[in-house]
Amino acid sequence: MLFAQISDTHIAAPGERPHGVAPVGENLARAVACLNRLDPRPDFVLLTGDVTNGGALEQARHAARLLDDLDMPCHIVPGNHDDRKTLASAFPQQVVGQSPGGFLNQAFDAGPLRFIGLDSTTPGQPGGAFCEARAAWLKEALAERPDAPTVLFLHHPPLKFGVLETDADGFDGAAALARIVAHNRQIVRILCGHIHLFAHGALAGVPLTCAPAASGMRLALDLTRRAPSAFHLDDPALLLHKWTDDAGLVTHHLYARGDEPAHPFQ
Ligand SMILES: [Fe+2]
């Protein structure tokens, strides 16, 4: 089976560009067109948060209009730039989950895989969070199909990647999440966004992938963590994840650039 991931679309109001320069609406339209052109077509898309740039209903509705052109379902978890209420209101119930406590968690099955989306946000806070209520929900969701290879997806990576966005913002409850991952060996991958970089790590031995930004706002990598947070303007990027029983989950990175000339190696 094949599914795609986009992240950090940061949609502003129609005609507006975040920070005055980022053509986020055009970039999401390019990402959607790219996804619709893929052959074979992904079964669905995961959108790992920061759908909007500021959480306003107008922004969420604009994102919903742009994503309406997708020829496949889209499953969304919120990011720290989103607002749970406006996100839930702008998107149909089937793509934005809900669980006790108002968290936008969701779980669904697709082919041999189980997908569990975790709401890692705290209103008004830039960092990630995993509290007791979310832990209880996650344990239940994992117990429903303990033998199914499972993909966790959430906005914030519960790891320090050496950049301000993870090291300074932090992830409250990362150790508790790592303990649950360690006890549920059916989890095959953790998919995140937030840092606007294609980057990899591991949590309790399980590979963790951060998606690049579909907004094209690629984080200016500063491992000294002294420079203020900044971004480069890049092409919108996305990930394709392919599951096979023998290889497990294989991930490809691609840019939504439209038709590019292909040069033969011979
Ligand atoms: Fe973001």
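The values are calculated or read from the model by the stated rules, or taken from the named source; none is laboratory data. What you see is a predicted model; the values in this text were computed from it and never measured. Reconstructed Cβ throughout: ideal geometry from the backbone, glycine too, with neighbour counts over all protein chains shown. Please note that ligands, DNA and RNA were not included when accessible areas were found on the heavy atoms of the full protein model with its side chains. Shrake-Rupley method; radii C 1.70, N 1.55, O 1.52, S 1.80 Å.
How many residues are open to solvent by 60 Å² or more (accessible area, probe 1.4 Å) and not acidic (Asp, Glu) when one looks only at the range 1-19? Looking only at that region, the number is 4. Listed here are the strands (runs of 3 or more DSSP E) enclosed by the range 208-251 that have at least 3 residues being among the hydrophobic types (A, V, I, L, M, F, W, C) and crowded, with 20+ Cβ neighbours inside 10 Å: 237-244. Screening Gln186 on (1) under 27 Å from Cys34 (Cα atoms); (2) at pLDDT 95 or above shows it passes everything except condition (1). Kindly establish whether Phe103 is within 19 Å of Phe3 (Cα to Cα) and either open to solvent by 40 Å² or more (accessible area, probe 1.4 Å) or in contact with a Phe, Trp or Tyr (Cβ under 9 Å, 6 or more places away or on another chain) (or both). Taking the combined requirement at face value, the residue does not satisfy it. Do you know which of the residues in the range 195-207 that are outside any strand (DSSP E or B) and touching a strand residue (DSSP E or B) at 6+ places or on another chain (Cβ under 7 Å) is farthest from the ligand (Cβ to nearest atom)? Here the residue is Phe198. Among the numbered conditions (1) closer than 23 Å to Ile195 by Cβ; (2) open to solvent by less than 20 Å² (accessible area, probe 1.4 Å); (3) at pLDDT 95 or above; (4) touching a strand residue (DSSP E or B) at 6+ places or on another chain (Cβ under 9 Å), the only one that Gly55 does not meet is (4). Within the range 58-92, if we keep just the residues that are open to solvent by 60 Å² or more (accessible area, probe 1.4 Å) and in a helix (DSSP H, G or I), the residue that is farthest from Gly111 (Cα to Cα) turns out to be Glu58. Could you tell me whether Gly170 is surrounded by 18 or more Cβ atoms within 10 Å (Cβ to Cβ), within 16 Å of the ligand (Cβ to nearest atom) and closer than 30 Å to Arg226 by Cβ? Considered against the rule, which asks whether it is surrounded by 18 or more Cβ atoms within 10 Å (Cβ to Cβ), within 16 Å of the ligand (Cβ to nearest atom) and closer than 30 Å to Arg226 by Cβ, Gly170 comes out as no. What residue, among those in the range 105-145 that are among the acidic types (Asp, Glu) and within 19 Å of the chain's Cα centre (by Cα), is nearest to Ala175 (Cα to Cα)? The qualifying residue nearest to Ala175 (Cα to Cα) is Asp119.
Would it be correct to say that Gln98 is within 14 Å of the ligand (Cβ to nearest atom) and either surrounded by 20 or more Cβ atoms within 10 Å (Cβ to Cβ) or not basic (Lys, Arg) (or both)? Spelling it out, it is not the case that Gln98 is within 14 Å of the ligand (Cβ to nearest atom) and either surrounded by 20 or more Cβ atoms within 10 Å (Cβ to Cβ) or not basic (Lys, Arg) (or both). If you go through the range 17-50 and keep only what is within 16 Å of the ligand (Cβ to nearest atom) and over 16 Å from Pro73 (Cβ atoms), you end up with Arg17, Pro18, His19, Val21, Ala22, Pro23, Val24, Gly25, Asn27, Leu28, Gly49, Asp50.
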